[in-house]
Structures are given as structure tokens and as C-alpha cells.
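Undergrad: Below you'll find the structure I mean.
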Amino acid sequence: MALFRYLDDDAFLIFSRKFRFLYEAALLDTYERFFSRGASFPTPQEVVHAIYDLIKRMPELLAEGEDVGEGLPDLVSKRRRRLKFAGEANEAAEAALRVASVAYQKLVQTGWLEEEEYGLRVTVDMPMGASLVMQLLASLKSDVSQRFGGVVVNVKQSLELAAKLQPGSSGKEAVDAAYAVVQAREHATAFLKTLRAILSDLRRVRRTIMESRSMRERVDAYFQEFIGELVLKDFQAIHTFNHPFRFKDHILDLARDISLDPEIMKMIASGYTENGMADTLENGLRTAETDLLSIQEVFDGIGEMFDRIAIFRRQLEQRLRNTVKYAEQGSSGISSRAASLIHRLHKVMDQRPALSEFAWVPLPVEPMRTPWSERHLAQPRQPRKALESMAVPPKVLDPLLALRKKLKKQYMERIVPDEKQLLQWLNNKVPLAVAKEARFLEIEDVDSFIAFDVIRRFTKPGEVPPSIAAAFEIVDDSQGHQHDSEWIKCGNFLIRRRAAMAGGVDAD
């Protein structure tokens, strides 16, 4: 069974064998030349010709294999079954052509390329899985810089288009709004991936800096990779009109307003159904809600992502400051002065060998002085003082903080009712001799809605508290009509009293 569904089992095996750099360059060159644009179906001879030209341009690709030398002749493959050299062939040219043919066969055997016969003509194509992989690899090879301003503007414009829907709009406008919401969700997902890529690139820069073997390599890594590739581009994006924080609140407001407007949501759901993205109107409504919720989650969390990026950048900038600081101190330290003094002593000994045994310096090598104040030196330990009694000051309680804690406690008790409150609500709602259906339960206020929402989850086995299970039986009734009110829409369930059942009263 293949590790990836649309790739051969040995697809990545060739990148660990001989000529692995040639396979990488050949795949990228073949993809960009024949399969990245246009409907091109080259012949095997044309692909081998392209690999040969690559070896001719970059003979270092065969550094681990055969030495083909320099100055290879050109190949002629147009309208020919066999490849021929335009000039005089030599052993190096034959070796390069042989390596190109072997590389082509290996790419076919491992599933990166495939041959297909059209009558007497054989053409080469790239399978779907290999084409998708090469598309990503080509983008990594060409440019990995992150540009996210335009993405956020596209999300804003797409949501503004969807928010312009009015009752009675045409079907085409609903379809366009549905496409706009889907496009906004895709752009928001791409924007989140972009932020993660920036964090990953910062980690890569940190690893490069930490692995530097010399001060010069470390400084080069700072200025070339960190400052040149990340910091300058990031500052350029921040000071433009399209920075994400400029439209964050507006995008969140648009997504929430659209999701809370039932008329617009129905029209967007109909657009999902008409363009085939949903089979029913209800599924289209759920899909639209999911897409809008995804957009809100992305832009709710970009603050944390930017904070992480800022912290990472500050850490790297602090490392740069420390590097420059200690590099400046290196030339003025005691080691450089001692080296200068030793060189001077050697000159004295070389010039007057007879006095070399009696050579001495009348003054100390380094002046005996301390660069710190006496008051900054360590103080001796003082005798421990005895404890003295003193009045304990009264605790000062902030009234606003106390009120906040009290309100928070009341809020938590209200949104999470205890078993006593649930039993009281059930006793008020469920008669003694009948089974009460959820679709007939009335929800009057917020407390009643919270109690109903908690109780409807007790239909699952093992989740009913013991005190409620002893007094009531709550069973699911998926076949019955749904509870549909202004507060909630959910499936039906039945509530019976245990006392009525034990007394022999039939529950209808």
C-alpha cells in the first residue's frame, strides 16, 4: 500500500541514491519546461535532451558520479527518433547522454513521469500526484517570501460582497455571494498558513545563527537572512495600506453580521445549493456557517500569532546586540594588550641575546587597580537581628475587585446550574401522570433556556446525575418532531417521573 495515495512507493527513494542532485534538478527543470504551463506532451527524446542540456549547464550535478568534463557538444533531437550530437562526439558527451537516459528511466520507474502511446507516437506526461508535489517544490525553489497584505484585502472585499445581499436579490447574486464566502474562507486559511510559515522561517534563521562557527558567519546570517529577508519585508508590509491589523475588526464584524442575519444566510445557502457545493438547503446553511466561523477563528487568533512573531524577533535582535557588543570588546581586552607586550619582549630578546636571561620589566604588566567602587564589593555577613513585634496593618480590599468576584460567581452559578435547580425546573415543567415531550416545553427566559440546554444533553447514557436519575427518566425520541423555538432548535426527547411509573400510571 502506498504511503501517499497518488505517489509511487519509491517516489522519494531516488533522492537518497547516486545522482540525487541531478534527479532534483531534472524534475524541476522538466516540470517548469513542459508541465507548468500550456498543454505540452513531449516525447521521451525531448525529455532526455532537456536533462542532457541541464548536465551541460551544470556539470557539478555529477560530482558524486561520473566526470563528464566541460565543453559538451549540443544535441539534435527535433523530428528524430534517435538523439545525435551536432558536433564531434567524445567520451564525455557519451557519458553525459548515458547518465541523462538513466535519469529519465529512473523518473519513469519511480512514478514521477509516465509514458503513453498514441498510435505510433509515445509521449511523456506527469501524473496528478507528482504534478501537485512538483508545484509546491517549484514554489519553494523560486520564492518563499511571505506576502499577506493582499490576502486580507481579498477576504474583506469578499465579505463585503456577501453583506450587500438584500431580500429579493437575484439567484446570480446569491451564487456570487456564496463563491465570495468560500473564497474568503480559503484566503483566510492561506493567511493563517502564511503566519505559520513566518514563524517557521524565524526558527530556521535562529538555527542558522546558532550553528554559525565564526563571528563573521553569524553576522552574515543576521544581516542576510534575518534583516534582509524577514525584517525589511515585514516592516514594508506593516507600513502599507494592506496590513492585516487594519482590517481585522472590520472583517470580524462583517462575518458576525452575515452569520446573524437569517435572510442573508438563506440566500447564501441557496447559492451553495445552486452551484453544487451543497445538496440541500439545510446543508448549504451549515456549510456557510462553518465557513464564516472559520474566518472568525482565523482573525480572532492573529493577535497571538503576531505576538509570537514579535517575541521571536525581539529575541533575535537581542542576540544581535549581544554579538555586536562582545565583538566590540574583543579588541580592547587584556588578551590583545598582553599579546602586544609579548611581541615587544620577543623583539628585545632578539635584538640583545646576551641580556635575554636578565630581561625584565620594571613595572607591572597590568596596573593593579580595581575598576569597581569599594561600596560595590560584597559585604560581610551581619549578625541576625531579633524579631520585633509590630501591629499588623488591616487588609485593604478593593470594592471594585470584590464586586467583580461576586458578579463572576453569580454568573458561573447561573450558566452552570446545580442539580437542585434542575430538579426544581423539572418539577415545574413535567406533570405527574404524563410524559412531557421536549417540543412542548416552553422557554421563557435565559435561566429556563440554560436549564433546558443542560437537560437535553442527559439523553446520552451515563450522563444523568444520580439525584435527577432517581426522580426522572429522560430518553431520546429522534422519531418525534423537533423542538423549534426562538431560543433553540434541537431533537425531541421525553421526560417521565419515576414515581408515576412506579405507581402504575401509564405515561402517554
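The values are calculated or read from the model by the stated rules, or taken from the named source; none is laboratory data. Keep in mind the model is a prediction, meaning the values are calculated, not measured. Cβ sites come from the backbone with ideal geometry, for glycine too, and all protein chains shown count toward neighbours. Note: areas computed on protein heavy atoms with side chains; ligands, DNA, RNA excluded. Shrake-Rupley method; radii C 1.70, N 1.55, O 1.52, S 1.80 Å.
Undergrad: Along the Cα→Cβ direction, 7 angstrom out, place labels at TYR118 and LYS429. What is the inter-label distance in nm?
TA: In this crude spin-label approximation the distance works out to 6.9 nm.
Undergrad: Across the range 442-448, in residue order, what do the Karplus-derived ³J(HN,Hα) couplings come to in whole Hz, using 6.51 cos²θ - 1.76 cosθ + 1.60 with θ = phi - 60° and x for Gly and Pro?
TA: Per residue, the Karplus-derived 3J(HN,Hα) values read 9, 10, 9, 9, 5, 4, 5 Hz.
Undergrad: Would you pull out the residues with amide H under 5 Å of PHE472's amide H, same chain only if 5 or more places away, H placed 1.01 Å from N?
TA: Correct list: ARG498.
Undergrad: Can you compute the FRET efficiency between GLU60 and LYS489 using 1/(1 + (r/R0)^6), with r the Cβ-Cβ distance and R0 = 45 Å? Round to the nearest 0.05.
TA: Values: r = 68 Å, r/R0 = 1.51.
Plugging the Cβ-Cβ distance into 1/(1 + (r/R0)^6) gives 0.10.
Undergrad: Here is a follow-up. With a sphere of radius 14 Å drawn around the Cβ of ASP176, what net charge do the other residues whose Cβ falls strictly inside it have (Lys, Arg +1; Asp, Glu -1)? Mind dumping the intermediate values first?
TA: Details: positive: LYS164, LYS172; negative: GLU160, GLU173, GLU274.
In short, -1.
Undergrad: Given a 1.4 angstrom probe, I'd like the percentage of the accessible area of the range 418-458 that is carbon and sulfur, rounded to a whole number. Each step should come with its number before you reach the end.
TA: Numbers: 1180 of 2290 Å².
Accessible surface attributable to carbon and sulfur in the range 418-458 totals 51 percent.
Undergrad: How long is the gain from TYR411 to ARG213 if the chain were fully straight, where each residue apart is worth 0.36 nm and the alpha carbon distance is subtracted? Each step should come with its number before you reach the end.
TA: Numbers: separation 198, 0.36 × 198 = 71.28 nm, distance 5.87 nm.
Between TYR411 and ARG213, full extension yields 65.4 nm more.
Undergrad: Would you mind getting the Kirkwood hydrodynamic radius of the range 379-504 from its Cα pairs, rounded to one decimal in Å?
TA: Working: mean 1/r = 0.0546 Å⁻¹.
One decimal place: 18.3 Å for the Kirkwood radius.
Undergrad: On to the next question. Set the Förster distance to 30 Å, then compute FRET efficiency between SER131 and ARG204 from the Cβ-Cβ distance, nearest 0.05. It would help to have the intermediate numbers written out before the result.
TA: Details: r = 27 Å, r/R0 = 0.90.
Step by step, r from the Cβ atoms, then E = 0.65.
Undergrad: What does the extension gain come out to for GLU444 and ALA310, with contour length at 0.36 nm per residue minus their alpha carbon separation? List each step's numbers first, then the result.
TA: On the way: separation 134, 0.36 × 134 = 48.24 nm, distance 4.87 nm.
Additional length available on full extension: 43.4 nm.
Undergrad: Testing the spin-label approximation: label points 7 Å from Cα along Cα→Cβ at GLU282 and ARG37. State their distance in nm.
TA: 4.9 nm
Undergrad: Quickly work out the LYS193-to-GLN379 label distance, labels modelled 7 Å from Cα along the C-beta direction, and quote it in nm with one decimal.
TA: 6.2 nm
Undergrad: Test of understanding: what is the full-extension gain from ALA391 to GLN105, defined as 0.36 nm times their sequence separation minus their Cα-Cα distance? Spell out each step's value before the answer.
TA: On the way: separation 286, 0.36 × 286 = 102.96 nm, distance 9.17 nm.
Roughly 93.8 nm would be gained on extension.
Undergrad: From the phi angles alone, apply the Karplus equation (6.51, -1.76, 1.60; θ = phi - 60°) to the range 275-288 and give each ³J(HN,Hα) in whole Hz, x where the residue is Gly or Pro.
TA: With the stated coefficients, the range 275-288 comes to 8, x, 7, 8, 8, 10, 5, 5, 5, x, 5, 5, 5, 5 Hz.
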